[in-house]
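Everything on this sheet refers to the single structure shown next.
The values are calculated or read from the model by the stated rules, or taken from the named source; none is laboratory data. Worth saying up front: this structure is predicted, and the values here are computed from it rather than measured. Quick reminder, even Gly has a Cβ in these numbers, built from the backbone with ideal geometry, and neighbours come from all protein chains shown.
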Amino acid sequence: MKKKLLMLLLAGVLVFSNSMLVLAEESTVSPTEEGTDADTTNNTDINTDINTDTNTPGQDSINDVIPNDIQTYGNTNDTVTGKEAVDAINNETVLIIDVRTSGSYVTGHLKGSLSLPVFAEGNVIEGAEAEALWTAFNSYVQSNPGTFTGKDIYVLCNSGSRGAIKAKELLNNLGYTNVFTIVGGAKDETIQAAFITEYNFVDGVTAANEIGAADKLFLDVRGNSVYATGHLKGSLSLPVFNSVSNSVDDAEALANQTAFTNYVKTNPTTFAGKDIYILCNSGSRGAQKATQLLVDQGISQKNIFTIKGGAKDTNIKAKLTYVSADAAINAIGNKDILLLDVRAASVYAAGHLKGSLSLPVFAEGNVIEGAEAEALWASFTAYVKSNPSTFGNKTIYVLCNSGSRGAVKATELLHNEGYTNVFTIEGGAKNESIQAKFITTEQEQQANQNTGTTTDKKSSVTVATKNSVPETGDTSQTFMYLLLLAASSVILVFRKRVAR
C-alpha cells in the first residue's frame, strides 16, 4: 500500500512538471521571432515607398505619379528646363549637381557642376554598389553644408527620372527641400550643347600599366587614412580631403590643401617634366580640386590627368596593394592585422617587427629561386593550410627586403590559398622607420619571458560548451530544475511520514 501511494504521488508530480514545462516553452518568445518583428517594423524599402501612395496628391513626395511626358520628379513646380539650368551656370545662388556615373560626368558635364553619383557604372541604381554611392552622397552633403545651404539645387541625371528621384529623396531626408529636377536630364539638347570637358583623363588600364614609369607621377589626393590602408606603389600622398569623410571644404580639408600647395611650391623637381596622374576616390571632386591647385602653381594643365573612376576603377583597385611604413608600425599589436615577415630566417632573427610571423620565401643569401627556395614555398603553403585561424579574417601586411620580389611571391602563395586581403609594406626592411622598430629574436624572447609569454604562442580558438547550470533567460530549463527539486522534496517528506 505504501509503495502504491508513493508511485501515484511521483506520477502526479511528473505530470504536473511536464505541464508546466510545456507552458514555459509556449510563453517563451525566441530571439529570432522578436528580431523579425523589429526588422519588419523598421525596414524601409524604396520600392515599397514608390508603389504605396500614402500622401496627398500634389504633395512633394516620391509616391506622386510621374507623368510620362515630363519624366521627372513630382509636379512641374519641382522642375526646371534645360535652358533654365544652362542660364544658371554662373548663378551663385544655384547649385547644379550631376548624379550620373562618374564615367558619364568626365565625358561631359555642365561647367561648375558638382559630381555626386547615385548610379553605379552601367547606370545601375540598385544593389550594394549603388547603395554605397548613396551613403557617400549623404556623407558629402552632411560634411559640406556650406555648399548646399541657401541655394536652389538643380539635379541633372540621365533622363530626369530615376536618378533625380533618388537624389531628391536623399536631399529631402537631410533637410534640403529647394530641389529641382532638370527636365529631360542629359538627353536634353540644350544641356548637351552646353557640356564641356574641363580635364584630361586617363583610363584605369593605361594608368595601371604606367605604374613605376619614370616620366609619370602618381598623385594620391585621398584622405591620409584611406591612403594608409592601400595605395599604388610609389604614389605620392597629397590629400585634398579631410581624413574622416569626403569633405573638401571643411577646416581640415582646407588645411590639407594649403599643405598641398606648399609642397608643390617647395618641391618643383618632383613635378617637372612629368605627366601627373591624379587618383581620388571616384575621379571627380578630389581630382578637380587637385588640378586647380596644381594649375595655380604654374603646372600646365596639359600634363595633368585624372584617372577615370578613381580608386573605384577595377584595374586601379587591384593595384592598391601597398601600405606605408607608418601604417605597418601602427599595426604592431593589432589583433586584426597579421605582420608577415618573408625574409630569410637568419635575417628575421637579426631584426624584425615585434609580434611578426616569420615565413621565409627567401633561402639564405636572399635567394628566391632554385630547389631550396621552392622547398620554403612548400613549407609556407603547408603552414598556411594548417593554421587557418592565424590568417582567417585578418588583413595581412607582408614585409620583405625591399617590398618587391619576396612580397610578390608571398602574395601569390597567399592568394592561392584564398587569402586576398594582402598588402605589401612599401620599401620593405630598407625603410628607415621600419628598421627603427626592429628587435632581435633574442630581445623578443627575453621580453616575453619577463611577461610570461612565448614567441610562438598562437591565438587559441575557444569552443563554447553548454554549461551544466542553466543560462540566464533559459526559462524552460529553470522550470525543470525547480520542479524536479520540488518533486524530490515531496517524495522525501512522504517517505518519512510513511516510515513513522
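Here's the yes/no breakdown for (1) in contact with a Lys or Arg (Cβ under 6 Å, 6 or more places away or on another chain); (2) surrounded by fewer than 13 Cβ atoms within 10 Å (Cβ to Cβ); (3) closer than 16 Å to residue 334 by Cβ; (4) free of Cβ contacts under 8 Å to residues at least 60 places away in the same chain:
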{"site": "356", "(1), (2), (3), (4)": "no, no, yes, yes"}
{"site": "359", "(1), (2), (3), (4)": "no, no, no, yes"}
{"site": "376", "(1), (2), (3), (4)": "no, no, no, yes"}
{"site": "388", "(1), (2), (3), (4)": "no, no, no, yes"}
{"site": "410", "(1), (2), (3), (4)": "no, no, no, no"}
{"site": "416", "(1), (2), (3), (4)": "no, yes, no, yes"}
{"site": "424", "(1), (2), (3), (4)": "no, no, no, no"}
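Going through 191, 165, 153 one at a time, which residue ends up being surrounded by 15 or more Cβ atoms within 10 Å (Cβ to Cβ), outside any helix (DSSP H, G or I), modelled with pLDDT of 90 or more and not small (Gly, Ala, Ser)? Sole residue among the options that is surrounded by 15 or more Cβ atoms within 10 Å (Cβ to Cβ), outside any helix (DSSP H, G or I), modelled with pLDDT of 90 or more and not small (Gly, Ala, Ser): 153. Considering only residues in region 203-223 that are surrounded by 18 or more Cβ atoms within 10 Å (Cβ to Cβ) and closer than 21 Å to residue 271 by Cβ, the one that is farthest from the chain's Cα centre (by Cα) turns out to be 217. Out of 396, 368, one residue alone is surrounded by 16 or more Cβ atoms within 10 Å (Cβ to Cβ), out of contact with any Pro (no Cβ under 7 Å at 6 or more places or on another chain) and modelled with pLDDT under 95. It is 368.
Taking the criterion of being touching a strand residue (DSSP E or B) at 6+ places or on another chain (Cβ under 8 Å) and in a helix (DSSP H, G or I), the residues of region 351-374 that qualify are 372, 373. Just one of the listed residues (334, 401, 315) is within 33 Å of the chain's Cα centre (by Cα), under 30 Å from residue 267 (Cα atoms) and assigned to a loop (DSSP other than H, G, I, E, B), namely 401.
Of the listed requirements (1) farther than 25 Å from residue 105 by Cβ; (2) loosely packed, with under 15 Cβ neighbours inside 10 Å; (3) of a type outside the set (S, T, N, Q); (4) in contact (Cβ under 8 Å) with a residue 24 or more places away in the chain, residue 296 misses just one: (1).
Only residues that are outside any helix (DSSP H, G or I) and among the aromatic types (Phe, Trp, Tyr) were counted in region 264-302, giving 1. Checked against (1) within 17 Å of residue 304 (Cα to Cα); (2) assigned to a strand (DSSP E or B), residue 208 meets all criteria but (2).
When 363, 290, 328 are checked against the criterion of being more than 23 Å from the chain's Cα centre (by Cα) and farther than 23 Å from residue 103 by Cβ, 363 stands alone in meeting it.
Residue by residue, here is whether (1) closer than 10 Å to residue 82 by Cα; (2) free of Cβ contacts under 8 Å to residues at least 12 places away in the same chain; (3) in contact with an Asp or Glu (Cβ under 9 Å, 6 or more places away or on another chain) holds:
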| position | (1), (2), (3) |
| --- | --- |
| 140 | no, no, no |
| 144 | no, no, yes |
| 147 | no, no, yes |
| 162 | no, no, no |
| 172 | no, no, yes |
| 175 | no, yes, no |
| 187 | yes, no, no |
| 191 | yes, no, no |
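So that you can scan it fast, the table gives a plain yes or no per residue for (1) buried (at least 16 other Cβ atoms within 10 Å of the Cβ); (2) touching a strand residue (DSSP E or B) at 6+ places or on another chain (Cβ under 7 Å); (3) of a type in the set (Phe, Trp, Tyr):
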| residue | (1), (2), (3) |
| --- | --- |
| 93 | no, yes, no |
| 104 | yes, no, no |
| 110 | yes, yes, no |
| 125 | yes, no, no |
| 147 | yes, yes, no |
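Of all residues in region 231-249, those that are crowded, with 21+ Cβ neighbours inside 10 Å have Cβ atoms under 8 Å from Cβ atoms of residues that are part of a strand (DSSP E or B) and small (Gly, Ala, Ser), 6 or more apart or on another chain, in 231/237.
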